[in-house]
1. Would you kindly derive the ³J(HN,Hα) couplings of the stretch 165-178 from the backbone phi angles with the Karplus curve 6.51 cos²θ - 1.76 cosθ + 1.60 (θ = phi - 60°), listing them in order in whole Hz, with x for Gly and Pro?
2. What are the ³J(HN,Hα) couplings of the stretch 248-262, residue after residue, when phi is run through the Karplus curve with 6.51, -1.76, 1.60 and θ = phi - 60°? Round to Hz, x for glycine and proline.
3. Per residue of the stretch 120-126, what does 6.51 cos²θ - 1.76 cosθ + 1.60 with θ = phi - 60° give for ³J(HN,Hα)? Whole Hz please, x for Gly and Pro, Karplus curve as stated.
4. Around residue 233, under 12 Å between beta carbons, what's the net of Lys plus Arg minus Asp minus Glu among the other residues?
5. Can you pick out the pairs among 246/619; 58/168; 278/311; 3/126 whose Cα atoms lie more than 28 Å from each other?
6. Would you list 520, 381, 330 from fewest to most Cβ contacts within 10 Å?
7. Under a 5 Å amide H to amide H cut-off, with H placed in plane at 1.01 Å, what residues pair with residue 493 once short-range neighbours are removed?
8. Taking neighbour counts of Cβ atoms within 10 Å as a proxy for exposure, in what order, fewest first, do 1, 398, 590, 147 appear?
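Since every read-out is calculated from the coordinates, none of them should be taken as a lab result. Just so you know, these numbers come straight off a predicted model, no measurement behind them. Here the Cβ positions follow ideal geometry from the backbone for every residue, glycine too, while neighbour counts run over all protein chains shown.
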Amino acid sequence: MLKEIILKLAKLSDEQLTNEVLHDVKKEVARKYNVTNLPTNIQLQKTYQQMVENWEIKPNDKLKFLLMKRKIRSLSGIVPIQVLTKPWPCPGKCIFCPNESIMPKSYISTEPGAQRALLNEFDPIKQTYNRLLSLQATGHNTDKIEMIVLWGSFDAYPMDYKIDFIKKLYDACNTFEDVKQQLQIDVTKPRESRFTIDLDKLDIRLSKSLEEAQKINENAKNRIIWLTIETRPDLVTEENIRFRRKLGVTRIEIGIQSTFDDVLKANKRWHTIEDVKKALHLIRKYGLKISAHMMPGLYKSNLGKDIESFKILYSDPYLKPDELKFYPTSVIPNTELYELYKKWEYKPITDEEIKTIVREVKTKIIPPYTRIKRLIRDIPSTEIVAGSNITNLRQLVMNELKQEIRTNQDLQNLMRKRLWGSDGLIETYIYMERSEECSEEVRRDKRVLCITDNQNSMTGNKAKNKVIVFYPVNPVKNSANPDLVCLCTRCREIRNLRSEEKKEVRRDDVLLVIRKYVSSVGDEYFISFETTDGYLIGFTRLLLPKDFADWEWLGENTAIIRELHVYGMQEKIWNKWKMAQHKWFGKKLMAVAEKIAQQNDYKKMSVISWVWVRWFYKKIGYELEGTYMTKKIN
Ligand code: SF4
């Protein structure tokens with residue numbers, strides 16, 4: 001029966017392969033075989049993969065995508081894998097933090113990811129195999145991995161353990177394809193993520209050192225392109241940032257929670273906002289990406305302070321994180337906060353208050369260069385005694401806002417102005433090309449980027465000399481987008497554009513946009529390709545440091561690319577652009593970043609990149625220096 005469904009679907013065109021048609025085909029075939037329970041997508045995905053392997057059908061990307069479980073996991077082109085380290089105490093004593101002796105600090109054994117780690121005895125190889133197997137079985141490509149290592153506080157663990165753990169993550173990715181046939185686990189069974197792996201039964205060849213494991217990963221099928229670790233602000237030092245870079249870390253998750261010292265103190269965070277600023281400054285100097293955790297509803301905070309905290313977060317040049325995790329405070333048993341709650345000394349944040357904060361943050365505070373990664377922590381409701389318990393918070397707030405914006409002209413204008421306008425915090429420019437010589441006079445105009453090589457032309461125009469001018473945007477001229485109620489990069493990802501609209505996107509509808517803002521380290525440029533109504537195709541983060549890291553491959557006059565990301569296009573939505581354009585966008589974004597750095601007298605570009613993307617940078621003239629890809633640009 002499963003094969004029959006796949007065969008029927010394989011005959012349909014891309015346009016016909018929709019969820020409704022899938023459901024109808026399932027029903028039709030199930031009726032024929034008198035089966036009451038419809039097959040799941042995961043069962044069909046497995047059948048599809050077997051049929052492709054046996055040459056019974058041709059590979060069909062659209063069909064594979066249709067059957068994919070939790071498509072969102074790889075829609076941005078990269079699959080996230082979360083792993084946990086073994087239980088270990090944290091120097092922090094935060095009053096809200098769960099404390100289970102069998103878990104690393106701050107994690108609860110019933111959280112889905114934590115449960116998987118516990119069942120796999122916190123072994124990095126078992127956890128990685130487990131996730132890779134599940135992801136592949138559900139139709140996801142695992143060739144680009146974002147490895148997220150969760151361990152309350154990275155720096156609290158012994159050095160040997162940290163190195164060994166990270167090395168084994170690379171080993172696991174390097175060896176997975178060789179051993180996966182031996183794993184023989186039926187992931188189509190319910191609760192597939194709970195299975196454990198017996199390493200003793202497998203023949204695995206581990207590398208001798210971290211460096212060797214990293215080198216092998218450069219050409220492995222499953223490559224780690226981003227590596228994230230968690231830590232506390234007061235544990236960040238110059239020395240341990242350099243150590244992290246050697247491990248291959250590209251992003252730091254860091255708990256800020258509030259920007260008010262009295263709130264931090266009342267919650268026994270044992271660090272101040274000054275510590276946070278120093279930590280973020282250091283992390284940024286080395287080009288790493290910053291993902292901040294904020295907790296509205298803490299003890300001794302209130303609605304006004306919580307909103308103010310977010311305003312400070314995005315106006316203070318020492319803060320301005322690239323990503324945000326929004327974790328409203330919940331009361332969990334076995335915490336000091338629970339004791340305060342029982343004595344009526346702590347009043348948990350209400351759902352309405354949370355919604356108000358999210359609304360304020362989304363519509364008035366979040367700048368277009370930030371990604372809101374999470375709006376609620378995935379704690380099972382059975383573990384929450386009081387406080388927030390809305391698991392679909394993002395959806396709820398977004399639905400309400402989307403309804404409102406359609407009839408609220410003021411809100412539409414506000415979003416348009418914030419997306420395209422310039423204020424005291426951010427300057428926005430769009431690219432326009434002029435056919436004129438790059439004379440000295442023109443070069444002196446700071447808004448102008450001279451491109452004298454037609455290879456670098458943004459439009460493919462063959463004229464020899466190009467002058468590229470970034471003009472301040474007139475927001476009124478750009479279209480209002482009634483679907484855009486949050487400017488974060490996640491909400492603006494191209495995948496959020498409706499399918500029928502995606503087909504209409506033509507080259508002329510794509511803008512090259514530059515948003516400039518100031519951080520404590522220097523000038524930051526968020527350079528992006530976007531549709532005229534603000535959907536993101538790809539972007540890069542360029543930093544021109546004024547306070548530079550005195551390190552061999554960084555140093556004076558070195559500009560830094562902190563991130564380059566072109567979104568995956570698995571749906572093949574671009575009728576004219578297709579996948580080949582993926583590299584084109586990346587190259588153009590890099591060309592513009594280099595021009596901006598040159599024009600500001602920077603001599604060298606250093607890119608924080610991990611192994612998978614090194615080949616790309618090599619192609620555009622970069623070479624490996626230490627843990628950065630570098631190129632002389634002046
Ligand atoms: S720093 Fe993080 S892990 Fe440590 S106690 Fe505080 S919340 Fe928990």
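1. Taking θ as phi minus 60°, the curve returns 4, 5, 4, 5, 5, 5, 4, 4, 5, 5, 9, 4, 5, 6 Hz for the stretch 165-178.
2. These are the phi-based 3J(HN,Hα) values: x, 5, 10, 9, 10, 8, 9, x, 9, 6, 8, 9, 9, 4, 5 Hz.
3. Going residue by residue, I get 9, 6, 6, 6, x, 6, 4 Hz, with x marking Gly and Pro.
4. Surrounding charge for residue 233 is -2.
5. Pairs exceeding the cut-off: 58/168; 3/126.
6. Arranged by neighbour count, lowest to highest, 520, 381, 330 become 381, 520, 330.
7. Here the answer is 536, since their amide H atoms fall under 5 Å of that of residue 493.
8. If I rank by nearby Cβ atoms, fewest first, I get 1, 398, 590, 147.
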